[in-house]
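This report concerns only the one structure given below.
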Amino acid sequence: MSTRVAISRCNTYQFDEVKKSISEVISNSDFPIVKNKKVLVKPNILSDSKVETGITTNPVIIEAFIELLKELGANDIYLGDSPGLHTASFDAHNCGLKDVCQRTNTHWVDFTKDPIDHKIGKYLLPMANIINEVDVVISVSKFKTHQLMYATGCVKNMFGTIPGINKSGCHVKVPSRNGFAELIAEIYRESKCCYGLMDGVMGMEGPGPANGNIRKVGLILGSSDSYLTDSAQATIMGYRIEDIPILMAGKRKGYTHLEPNYPLLSANELIIKDYKRVAIGKEKAVPALIKSTLMKPFHNLLIKKRKTPEFLADKCILCKRCVDICPAKALHIENNLIILEKNLCVRCYCCHEMCPKNAIEINE
């Protein structure tokens, strides 16, 4: 059974153009009823970075979307996220979303306050309690590549409902690409997200999701099936759908059929042939036998085939973000250099995501 995925052209972050494009997308993609309901809008705030870096969902996208939600009769609108290193001072000021909340009288939500434990697969993980208090949850992601998952999007964006440093610990629990993708699929399902909107006006190519290059894409995408929003993104980037672990995890679990219906523009006709993608690794889905305790050494061997991060001393400012975020405690500072203990590294690339100076490279 196919589901509609709407793609609309939007060449600038000029407010009226953005609002018109989002309106066209939601009108053609089975948008949920929000009248008289409480709505959580979940942007992508990997880090509270300046708007011009293209790391976060652009504030114009969020503001235009909030205005449309109000016009559709939404009762209360909440906005929130939790970056990997969520400090007490985090308030989404640098990325422009704090100002959006003030201008639109939208409630800002701190995901680290009073999180509630959820049983996700075999793990007990804390999640932002706001997802239990609203009627509608919407993911508003950014069109970006991803060093571990190849492409990030609306499904992966809901990983942010796991507050702060708790996210990095998930990489130790499930260090393989496919295992991590399955966990993301379960977290997405638990988040109760019912729509995925994507900011593709300006995208990121190369070593995303934080240290890639900004590239104009000129699109806004949306679907009631976030997997399909993400599959459209992957197609436009030039990936095969079967190469994206999160999409395949969702299909294996029966959370999506990955059968898009394009009422407006078709992703197949929008492929950017020279888009700089993250190279596809050799790691395949691990059979159940290998996942067992007896076969764990072989499973670890497959993980260690992935490239370890390379630290560039000439760019490093010793901010310690990589050390603080590392879930395997594989990094420390010695003689003013970042030292990696390769035998401990789980190749999750959290350090790469958090580096503010592009001082970490992953050479697949």
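Quick note: the coordinates plus some simple rules give every number you see, no bench work behind them. Please read these numbers as outputs of a predicted model, since none were measured by experiment. As a convention, Cβ positions derive from the backbone with ideal geometry for all residues, glycine included, and neighbour counts pool all protein chains shown.
Annotations for the structure displayed:
- Helix-derived mean residue ellipticity, 222 nm - over the chain, DSSP H n ≥ 4, -39500 (n - 2.57), to 500: -7500 deg cm²/dmol
- The listed peptides 157-165, 115-123, 141-149, ordered by packing as a protection proxy, come out as 141-149, 157-165, 115-123 (highest mean of other Cβ atoms within 10 Å first).
- Each other residue within a Cβ distance under 9 Å of Gly203 adds +1 if Lys or Arg and -1 if Asp or Glu, for a net charge of +2.
- Length, then width, then depth: along the principal axes, the Cα atoms of the stretch 307-361 run 24, 22, 19 Å.
- Overall Cα dimensions of the chain, principal axis frame, Å, largest first: 55, 44, 42
- Extension gain, Lys192-Lys113: 0.36 nm per intervening residue step, less the Cα-Cα distance, totals 26.5 nm.
- Fully extending the segment from Glu52 to Asn132, taken as 0.36 nm per residue of separation minus the present Cα-Cα distance, adds 25.5 nm.
- Among the listed pairs Lys273/Lys342; Lys38/Lys216; Lys50/Lys167; Lys113/Lys156; Lys20/Lys119, a Cα-Cα separation exceeding 31 Å is found for Lys273/Lys342; Lys38/Lys216; Lys20/Lys119.
- Stretching the chain fully between Asp91 and Glu334 yields a gain of 84.2 nm (0.36 nm per residue, less the alpha carbon separation).
- A simple charge model with +1 on the Cβ of Lys and Arg, -1 on the Cβ of Asp and Glu and nothing else charged puts the dipole of the chain at about 1140 debye relative to its Cα centre.
- At least 27 Å along the helix axis (C-alpha) and Kyte average at least 1.0, DSSP helices within the chain: none
- Cα convex hull, the stretch 1-111: 123 Å³ per residue, rounded to a whole number.
- Spin-label model, Arg252 to Arg103: label points 7 Å out along the Cα-to-beta-carbon direction sit 4.3 nm apart.
- Annotation for the stretch 164-230 versus the stretch 303-333: alpha-carbon center distance of 22 Å.
- Dipole of the stretch 1-46 [Lys/Arg +1, Asp/Glu -1 at C-beta], most positive-end residue of Tyr13, Ser23, Pro43: Pro43
- Charge tally for Asn129 (other residues, Cβ to Cβ under 12 Å; Lys, Arg +1; Asp, Glu -1): -3.
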